[in-house]
Amino acid sequence: MPQETIFSKIIRKEIPADIVYQDDLVTAFRDISPQANTHILIIPNKLIPTVNDVTTEDEIALGRLFTVAAKIAEQEGIAEDGYRLIVNCNKHGGQEVFHIHMHLVGGEPLGRMLAK
Ligand code: 5GP
């Protein structure tokens, strides 16, 4: 069994978070340390540590991340100007929390894709 992270506690509402959306498959909440005017994390309720652990069984939940991202972008008023969706994996990807999450960032021009 993969080890739970703080995100499991957020899903179960055992610790506070600014949850903007939740259903049977996914939860979305504002990042505690926003890197842009809008920075929301969208995660599957099922604990999947990294992209390397994804299986075909996860396709519906992970597809939901995109439909929810589009819905939240609309709600946040950033859909038309655009935004960026980011999923980090392991050390080189800069992943810090080992519960797959999609970053939805926007609300301002985001510049080049990779800081190099
Ligand atoms: P990663 O680097 O793993 O892709 O991103 C992890 C993200 O989770 C970071 O942007 C970090 O600010 C956010 N984060 C870590 N702990 C918490 C928390 O307890 N609450 C919230 N809302 N965000 C968190």
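Rule-based calculations on the coordinates, nothing more; no lab input. Remember, it's a predicted structure, so these values are computed and weren't measured experimentally. So basically every Cβ, Gly included, is an ideal-geometry build from the backbone, and we count neighbours across all protein chains shown.
Take every Cα pair under 8 Å in the chain that's 6+ residues apart, average their separations, divide by the length, and report that relative contact order as a whole percent. It comes to 29 percent, rounded to a whole number.
In this label model, L85 and R30 are separated by 2.3 nm, measuring between points 7 Å along each Cα→Cβ vector.
About its Cα centre, the chain has a charge dipole of approximately 320 debye under the convention of +1 per Lys or Arg Cβ and -1 per Asp or Glu Cβ, with nothing else charged.
For the stretch 99-116, the residues whose backbone nitrogen is under 16 Å from a point 7 Å from the Cα of H92, taken along Cα to Cβ, are 114-116. Along the chain, the exposed loop sites are GluC sites (Glu not before Pro) outside DSSP states H, G, I, E and B with at most 12 other Cβ atoms within 10 Å, and the longest stretch free of them is 15-79. Taking square-rooted eigenvalues a ≥ b ≥ c of the alpha carbon gyration tensor, is the stretch 1-74 rounded, prolate or oblate, where a/c under 1.5 means rounded and, failing that, a/b exceeding b/c means prolate? Cα axes put the stretch 1-74 in the oblate bin. Taking other C-beta atoms within 10 Å as the exposure proxy, I40, I48 rank I48, I40 from fewest upward.
Listed by chain and number, the lysines placed with their C-alpha closer than 21 angstrom to that of K13 are K46; residues fewer than eight positions away on the same chain are left out. This ranking places K71, K91 by how few other beta-carbon atoms lie within 10 Å of each, fewest first, which gives K91, K71. Here the sum of -39500 (n - 2.57) over DSSP H runs of 4 or more residues, divided by the residues of the chain, equals -7000 deg cm²/dmol at 222 nm, to the nearest 500. Taking a ≥ b ≥ c as the square roots of the Cα gyration tensor eigenvalues, the stretch 23-116 comes out oblate, since a/c reaches at least 1.5 and a/b does not exceed b/c. At full extension, M113 and V54 could sit 18.8 nm farther apart than now, given 0.36 nm per residue minus the alpha carbon distance. The angle between the Cα long axis of helix 59-76 and the main principal axis of the chain comes to about 30°, on a 0 to 90 degree scale.
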